[in-house]
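Report on one structure; see the data block that follows.
The values are calculated or read from the model by the stated rules, or taken from the named source; none is laboratory data. None of these values were measured; they are calculated from a predicted model. Methodologically, a virtual Cβ is constructed for each residue, glycine included, from the backbone with ideal geometry; neighbour enumeration extends over all protein chains shown.
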Amino acid sequence: MGCSVEGVVAALRSAAEVVTAHRDELVELDRVIGDADHGENLKRGFTALVSKLDLSEPPATPSAALKLAATTLISTVGGAAGPLYGTALLRAATSVGDAAELDAAGVAAALRAALDGVVARGKAEPGDKTMVDALTPAVAAAEAAAASGSTVAEVLSAAADAADEGAASTVPLVARKGRASYLGERSANHLDPGSRSTALLLRSFAESAGGGDR
Amino acid sequence: MGCSVEGVVAALRSAAEVVTAHRDELVELDRVIGDADHGENLKRGFTALVSKLDLSEPPATPSAALKLAATTLISTVGGAAGPLYGTALLRAATSVGDAAELDAAGVAAALRAALDGVVARGKAEPGDKTMVDALTPAVAAAEAAAASGSTVAEVLSAAADAADEGAASTVPLVARKGRASYLGERSANHLDPGSRSTALLLRSFAESAGGGDR
Amino acid sequence: MKKIINDPATVVVDALHGMAAAHPDLLRVQTDPAVVVRADAAVHGKVAVISGGGSGHEPLHGGFVGMGMLDAACPGPVFTSPTPDQVQAAVTATDGGAGALLLVKNYTGDVLNFETAAELAAAEGTEVRTVLIDDDVAVKDSLYTAGRRGVGGTVLVEKIVGAAAQRGDDLDACEALARRVVAGVRSMGVALTACTVPHVGEPSFTLADDEMEIGIGIHGEPGRQRVPMEPADGIVRHLLDPILEDLPFVEGDRVLLFTNSMGGTPLVELYIAHGIAERLLAERGITVERRLVGPYITSLEMQGMSLTVLRLDDELVELWDAPVHTAALRWGV
Amino acid sequence: MKKIINDPATVVVDALHGMAAAHPDLLRVQTDPAVVVRADAAVHGKVAVISGGGSGHEPLHGGFVGMGMLDAACPGPVFTSPTPDQVQAAVTATDGGAGALLLVKNYTGDVLNFETAAELAAAEGTEVRTVLIDDDVAVKDSLYTAGRRGVGGTVLVEKIVGAAAQRGDDLDACEALARRVVAGVRSMGVALTACTVPHVGEPSFTLADDEMEIGIGIHGEPGRQRVPMEPADGIVRHLLDPILEDLPFVEGDRVLLFTNSMGGTPLVELYIAHGIAERLLAERGITVERRLVGPYITSLEMQGMSLTVLRLDDELVELWDAPVHTAALRWGV
Ligand SMILES: Nc1ncnc2c1ncn2[C@@H]1O[C@H](COP(=O)(O)OP(=O)(O)O)[C@@H](O)[C@H]1O
Ligand SMILES: Nc1ncnc2c1ncn2[C@@H]1O[C@H](COP(=O)(O)OP(=O)(O)O)[C@@H](O)[C@H]1O
Ligand SMILES: [Mg+2]
Ligand SMILES: [Mg+2]
Ligand SMILES: [Mg+2]
Ligand SMILES: [Mg+2]
């Protein structure tokens, strides 16, 4: 079973809920090694996205839904996360093309495109203590799951699991990109807020897909 | 036995010591209902006075010593206390004229002149919660003591006792003059710093006179 | 106490040296006694406009020394009025033959010290006038008290009278103008935090996290009333309402609105407050024709603000707009 | 958290309204998306100089909008870079046909958002160039990191490039000049206290009474190093030595010295620090030809300061001295 545009919209709405629920946690993570706005930024962006989904015509395709999310986040999030997540979603939208339904392989490919977009924009490598440390293993896990015949929900679930681990792996790292890098050695022993939000977003997608029984 | 110019200089030096020792107390009293500078102001002024006494020719008469103190305090204390104590000393200097020695009546008269000077400058009345509340009863006590044949030391001691009481009497008052008046009712239940310094100064004069066995 | 200072005892003199270094084109600094003097003083034939008071209110007064404003400023120790010697030295350094006008904030200490100086200067042959500034509506005025304090209005009096002296008004005219500005200006302030006087080392008072102090002066002294913290709308009303009722300012009045930081309140908050005050004045039909927003008369690092409203007429607008070149206010040049 | 605000969510927009009310002659404010635009924009035939970034650094950048400096500023939320929409709106509002120069502080968020906007604007036919400002010597620069932050130097770049655009320099010349100023300017900052972001409600970090944070940026983030408090002499050395060694500035150099308050440090302390820095520069044979002292690039109410040193030549002096008319910097007009 694939994921229709309704499924994508539901996943985006569930992401908005999760980001709002974890707003304070993300702010606090960013307060310690950044500038205390990551949760606020994402909440502002996803809240704007939900308003758009509520008020405008429902998007016609998964790609259109992802593109709406991309442009809304770019226009409203600001900071580093706005363009990075915006680009990720834009690339994902391009990757899925005009398909009416996303299958497991399509989801894995979209995640790969998203990661490529983040890297193209942010130039971070794994180990730099950024969202890339969560997204990179997530994409690998998604691709492996898709290759082994998993469902969309299973692919996303595998991605979320890997992202959780990837986020956790940022704790000991000394940041080389983003604001935390200004702290030098003092950035070690803290979880990177962007890797945490990446893991949260993937988990919300997985649960939305699983709950919808896809 | 009267008080020679050496006695006056000794009294001024002892005043400087007392003011320095009580600097923090006077600052603290002024912090609560004023601007936290009374002790600092007086310490600055009396320290300057001691330097002048150390460096310049010793004054020739009690009047010259008092005048030197007056001009030094006026030039260095600032605030309300500078001109008020300066004027007090200036009037006292005029009052003693060119006498080589001050007797008890002369001291009482000098204190009366000092009080008149403070009132002329500051326009405070008894009960306004100012140094006038310490100086007014002190002058009355000094005059009574002098009239009853006391020594200079006894006159000053009587003045100091009365000033202590007068200072204590400022506690319940609502200030009508000086910075404390801006607090309105909130100025009540605090000791007026200027009345306290007046009492301290008179006590130091009395002890200096007593110690010198005059 | 956390401050960028070397020694509490040398704060004023160290700051004066830094100021002299920063503005060699505008001012000269003397330190014994301490006076900040306009670089081109004495200006021949011009009334010398002189002010001063305790330090800790920077940029007041030294930051207002220069063309079109003050000829000299006499900085006392922190929160302590200067001595007559300083004022006399200022008069001597700026005497251009047209007399001197002393603009004095109404505090007992300032009044007594400037008064003494005026007597001494007069004795030396300079014609000296004194105008007291007492614009703080937080203080009840009465014949039997020290009267109202001089606060935010001081900046406006100095600018306007400075412009008049600069254009050549004589001593009588400058004095009359100063009295007229004083009559038409009212202020009130609030503190969110206390400040710490360097030689004291601890805050002048303590405020809980949910309290503010209304009706403060500028010397770190407590205010008239301690009330619960409120949003900016409420804070601005606490300040503006008593100001407007006092003069009173009425519908149709033209005013200058001066929104001032006590030192530690940043511009972003000040602009929020200023916007609210503009709206409230507009609602009352009072036209704001000129404004000043920033930290111009402060209490060290105190967080808080004051509002000052001055009733304008064409002449006051013209004098406000006249060129001024000082460290803290500069336009038209 | 004690602030003069109504609601953490409306701080930026409320402050923008207050700013518009305070400076109707200088600027216009749009709020959706948020942009501060020079009152007489677009200026025909003139390169549009645009900057922006998170709010909380006031007067930067909105306070520098006006004749001779910025054509527009894009204020993001507090400490959060603006979105491409805001930058695009700024370009549209100020496009005088000679292209736009985006002066961007080097933070990942700012760089990415301005980059995106530049692409979009270029697609709409406006020639857009971007120059990154990265003057903070507290950050080790490397190919593998985000690079140095833009801090105090930003104010100087905006003034000087603004003057060049005002006199009619074309986009190439403005861009080259901006790069030249960036190449010759270095800064470093220290915090004595943290600041509180309104939407967070608690301080970004905590410092003990005897500690200071060296090598801070301007976003309330902790610095590179926490060290014991020192007298002003030591604090100034902590900032000035790495600045001078970095470029390096050497004997015979002519410089502009910018002594900046982080917001909560009052002028009296700033002048003390400035005086010390002037003395240390003189000792090294470096000539201070221009200075700026005050709170110009801040971190909300943070107590602390930064020093910025810019190497001068005749052209830079001329452009620095050129008339400017903005809310925060004004001379020659
Ligand atoms: N160059 C980069 N590449 C990838 N991710 C990055 C990069 N820079 C920062 N990030 C991510 O962005 C997160 C911070 O986002 P946010 O707080 O919203 O922006 P800002 O740092 O501008 O305040 C970091 O935790 C990190 O995961
Ligand atoms: N008008 C006045 N007449 C007499 N004494 C006064 C008057 N005003 C103030 N004082 C005295 O001066 C004291 C304060 O002195 P000080 O703190 O040195 O000056 P300031 O109030 O200028 O800071 C008060 O405690 C009070 O006793
Ligand atoms: Mg952040
Ligand atoms: Mg006092
Ligand atoms: Mg005082
Ligand atoms: Mg940010």
Self-check item: Residue match in the stretch D:130-139 (condition: farther than 30 Å from D:Thr94 by Cβ, surrounded by fewer than 17 Cβ atoms within 10 Å (Cβ to Cβ), out of contact with any Asp or Glu (no Cβ under 9 Å at 6 or more places or on another chain) and of a type in the set (Gly, Ala, Ser))
Solution: no
Quiz item: within 29 Å of D:Thr265 (Cα to Cα) and either surrounded by fewer than 16 Cβ atoms within 10 Å (Cβ to Cβ) or free of Cβ contacts under 8 Å to residues at least 60 places away in the same chain (or both): does that describe C:Pro295?
Solution: no
Exercise. Return only the number of the condition from (1) within 30 Å of C:His219 (Cβ to Cβ); (2) of a type in the set (A, V, I, L, M, F, W, C); (3) modelled with pLDDT of 95 or more that B:Ala159 does not satisfy.
Key: (1)
Quiz item: Out of (1) farther than 22 Å from D:Thr154 by Cα; (2) within 23 Å of the chain's Cα centre (by Cα); (3) at pLDDT below 95, what's the single condition that is false for D:Met212?
Solution: (3)
Self-check item: Failed item, numbered, when B:Ala11 is tested on (1) without any contact (Cβ under 8 Å) to a residue 60 or more places away in the chain; (2) of a type in the set (A, V, I, L, M); (3) more than 11 Å from chain C (Cβ to nearest Cβ)
Solution: (1)
Exercise. Output the residues belonging to the stretch C:218-238 that are out of contact with any helix residue (DSSP H, G or I) (no Cβ under 8 Å at 6 or more places or on another chain) and either of a type in the set (Lys, Arg) or not in a loop (DSSP other than H, G, I, E, B) (or both).
Key: C:Gln225, C:Arg226, C:Pro228, C:Gly234, C:His238
Quiz prompt | Selection from the stretch B:160-195 of residues that are within 21 Å of the chain's Cα centre (by Cα) and of a type in the set (S, T, N, Q) | solution = B:Ser169, B:Thr170, B:Ser195
Exercise. Report, ordered by the first and then the second residue, all pairs with beta carbons closer than 6 Å, sequence separation of six or more or different chains, a first member in the stretch A:106-125 that is within 12 Å of ligand 1 (Cβ to nearest atom), and a second member that is not in a helix (DSSP H, G or I).
Key: A:Ala124/A:Thr130; A:Ala124/A:Lys177
Practice problem: From B:Thr47, B:Thr76, grab the single residue that is farther than 16 Å from B:Gly117 by Cα, within 16 Å of ligand 4 (Cβ to nearest atom) and among the hydroxyl-bearing types (Ser, Thr, Tyr). | Solution: B:Thr76
Self-check item: Where D:Phe205 falls short, out of the listed (1) touching an Asp or Glu at 6+ places or on another chain (Cβ under 6 Å); (2) surrounded by fewer than 24 Cβ atoms within 10 Å (Cβ to Cβ); (3) within 9 Å of another protein chain (Cβ to nearest Cβ)
Solution: (1)
Practice problem: Give the residues of the stretch B:176-209 that are more than 29 Å from B:Val155 (Cα to Cα) and of a type in the set (A, V, I, L, M), sorted by residue number. | Solution: B:Ala180, B:Leu183, B:Ala188
Self-check item: Considering residues of the stretch C:140-192 that are of a type in the set (S, T, N, Q) and surrounded by 24 or more Cβ atoms within 10 Å (Cβ to Cβ) only, the residue nearest to C:Leu239 (Cα to Cα)
Solution: C:Ser187
Practice problem: Any chance you could count how many residues in the stretch B:27-68 are part of a loop (DSSP other than H, G, I, E, B) and away from ligand 2 (no atom under 16 Å from the Cβ)? | Solution: 6
Quiz item: Do we have C:Ala34 as within 27 Å of D:Gly263 (Cα to Cα) and within 14 Å of chain D (Cβ to nearest Cβ) here?
Solution: no
Practice problem: Note down all Cβ pairs under 8 Å where the first residue falls in the stretch C:137-148 and is more than 12 Å from B:Lys177 (Cβ to Cβ) and more than 7 Å from chain B (Cβ to nearest Cβ), the second is modelled with pLDDT under 85 and surrounded by 12 or more Cβ atoms within 10 Å (Cβ to Cβ), and they're at least six residues apart or on different chains. | Solution: C:Ala138/C:Gly223; C:Ala138/C:Arg224; C:Arg148/C:Asp141
Quiz item: Just one of D:Val293, D:Val236 is of a type in the set (A, V, I, L, M, F, W, C) and closer than 24 Å to D:Asn106 by Cα; which is it?
Solution: D:Val293
Practice problem: Give B:Thr130, B:Thr94 a once-over and let me know the one that is surrounded by fewer than 23 Cβ atoms within 10 Å (Cβ to Cβ), of a type in the set (Val, Ile, Thr) and either farther than 20 Å from B:Leu200 by Cα or out of contact with any Phe, Trp or Tyr (no Cβ under 8 Å at 6 or more places or on another chain) (or both). | Solution: B:Thr94
Practice problem: All but one of (1) facing chain D (nearest Cβ under 9 Å); (2) out of contact with any Cys (no Cβ under 7 Å at 6 or more places or on another chain) hold for C:Leu300, so report the exception by its number. | Solution: (2)
Self-check item: Contacts under 7 angstrom Cβ, first residue in the stretch B:28-45 being more than 7 Å from chain C (Cβ to nearest Cβ), partner aliphatic (A, V, I, L, M) and within 9 Å of ligand 5 (Cβ to nearest atom), 6 or more apart
Solution: B:Asp30/B:Ala36; B:His38/B:Ala81; B:Leu42/B:Ala81
Exercise. Mind telling me which of the residues A:Ser187, A:Ser157, A:Ser208, A:Ser150 ends up being within 24 Å of D:Leu112 (Cβ to Cβ) and of a type in the set (Ser, Thr, Tyr)?
Key: A:Ser187
Practice problem: Please enumerate the residues belonging to the stretch C:56-100 that are of a type in the set (A, V, I, L, M, F, W, C), under 19 Å from B:Ala81 (Cβ atoms) and within 13 Å of chain D (Cβ to nearest Cβ). | Solution: C:Val78, C:Phe79
Self-check item: The one condition in (1) modelled with pLDDT under 95; (2) assigned to a helix (DSSP H, G or I) that B:Arg214 fails to fulfil
Solution: (2)
Quiz item: If you scan the stretch A:37-64, which residues turn out to be within 12 Å of ligand 1 (Cβ to nearest atom) and out of contact with any strand residue (DSSP E or B) (no Cβ under 9 Å at 6 or more places or on another chain)?
Solution: A:His38, A:Gly39, A:Leu42, A:Lys43, A:Gly45
Self-check item: Residue ID - nearest to ligand 5 (Cβ to nearest atom), chosen from residues in the stretch A:164-186 that are basic (Lys, Arg) and either over 20 Å from D:Ile214 (Cα atoms) or crowded, with 20+ Cβ neighbours inside 10 Å (or both)
Solution: A:Arg179
Exercise. May I ask you to list the residues in the stretch C:89-111 that are part of a helix (DSSP H, G or I) and either surrounded by fewer than 24 Cβ atoms within 10 Å (Cβ to Cβ) or free of Cβ contacts under 8 Å to residues at least 24 places away in the same chain (or both)?
Key: C:Ala89, C:Thr92, C:Ala93, C:Val111
Quiz item: Can you name every residue in the stretch C:56-101 that is within 16 Å of ligand 4 (Cβ to nearest atom) and within 12 Å of the chain's Cα centre (by Cα)?
Solution: C:Gly56, C:His57
